[in-house]
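The values are calculated or read from the model by the stated rules, or taken from the named source; none is laboratory data. Quantities reported herein were computed from a predicted structural model and do not represent experimental measurements. Counting neighbours? That spans all protein chains shown, and the Cβs are built from the backbone with ideal geometry, glycine included. Quick note on the areas: whole protein, heavy atoms, side chains included, nothing else; ligands and nucleic acids left out. Shrake-Rupley method; radii C 1.70, N 1.55, O 1.52, S 1.80 Å.
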Amino acid sequence: MNIDQLKIKRIAAYHGNLYYKDFVYVEVEGEKQTGLYSYSQEDINKHIDSFGYSREEYGLIKNRIGWTTPIRREDYDDGATVQGGKVRDALNAKLRIRYLSKYNFIIAAKGSPYNSRKFERESKEYLNKILKNEIEPEEFFESLKEYHKNEQ
């Protein structure tokens, strides 16, 4: 989805009592690292403690036979990479994000109360508790009933 590479674990569609309260909850599983970086389990745990998830960013370039090859984010930003001792153009590389831990989010309409700064501030704790199996998603869904249209 966009630049995110998502390994879907579960999805729930919620139809609220008002059209602007409809949303889709998405939860993804962590994937193996690309091998471009050497994140230890301790590094991944630090990311989770700080942000609620761990991820890596990288670019994808096509090789001569049409397969894609991952490159480091720095090389993507620079527009060039070194492979096999030779400099390769990476200007047409595609940016990707891979989650190394569980991650979750919701998809909602532009006019939804879940597209607000208030939701951004208040939802993180609920979303992280779901990932830690401290609450069920239904408890989070129930909390969303308190949000109203046009909240900031």
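Looking only at region 13-60, which residues are exposed (fewer than 13 other Cβ atoms within 10 Å of the Cβ), in contact with a strand residue (DSSP E or B) (Cβ under 8 Å, 6 or more places away or on another chain) and either aromatic (F, W, Y) or touching a residue at least 40 places away in the same chain (Cβ under 8 Å) (or both)? The one that is exposed (fewer than 13 other Cβ atoms within 10 Å of the Cβ), in contact with a strand residue (DSSP E or B) (Cβ under 8 Å, 6 or more places away or on another chain) and either aromatic (F, W, Y) or touching a residue at least 40 places away in the same chain (Cβ under 8 Å) (or both): V24.
Checked against the criterion of being under 20 Å from Y126 (Cβ atoms), under 16 Å from the mean Cα position of the chain (by Cα) and open to solvent by 50 Å² or more (accessible area, probe 1.4 Å), region 89-110 contains one or more residues that satisfy it. The residue pairs whose first member lies in region 80-108 and is within 26 Å of K46 (Cβ to Cβ), whose second member is loosely packed, with under 14 Cβ neighbours inside 10 Å and not acidic (D, E), and whose beta carbons are closer than 6 Å, counting only pairs six or more residues apart or on different chains, are L95/I3; R96/I3; I97/I3.
Among the residues of region 81-126, those identified as closer than 24 Å to Y53 by Cα and assigned to a strand (DSSP E or B) are K94, L95, R96, I97, R98, Y99, Y103, N104, F105, I106, I107, A108. Scanning region 68-88 for residues that are open to solvent by 70 Å² or more (accessible area, probe 1.4 Å) and within 24 Å of the chain's Cα centre (by Cα) gives T68, R72, E74, D77, D78. Of the residues that make up region 128-135, is at least one of a type in the set (D, E, K, R), open to solvent by 100 Å² or more (accessible area, probe 1.4 Å) and either outside any helix (DSSP H, G or I) or touching a residue at least 40 places away in the same chain (Cβ under 8 Å) (or both)? Yes, some residue in region 128-135 is of a type in the set (D, E, K, R), open to solvent by 100 Å² or more (accessible area, probe 1.4 Å) and either outside any helix (DSSP H, G or I) or touching a residue at least 40 places away in the same chain (Cβ under 8 Å) (or both).
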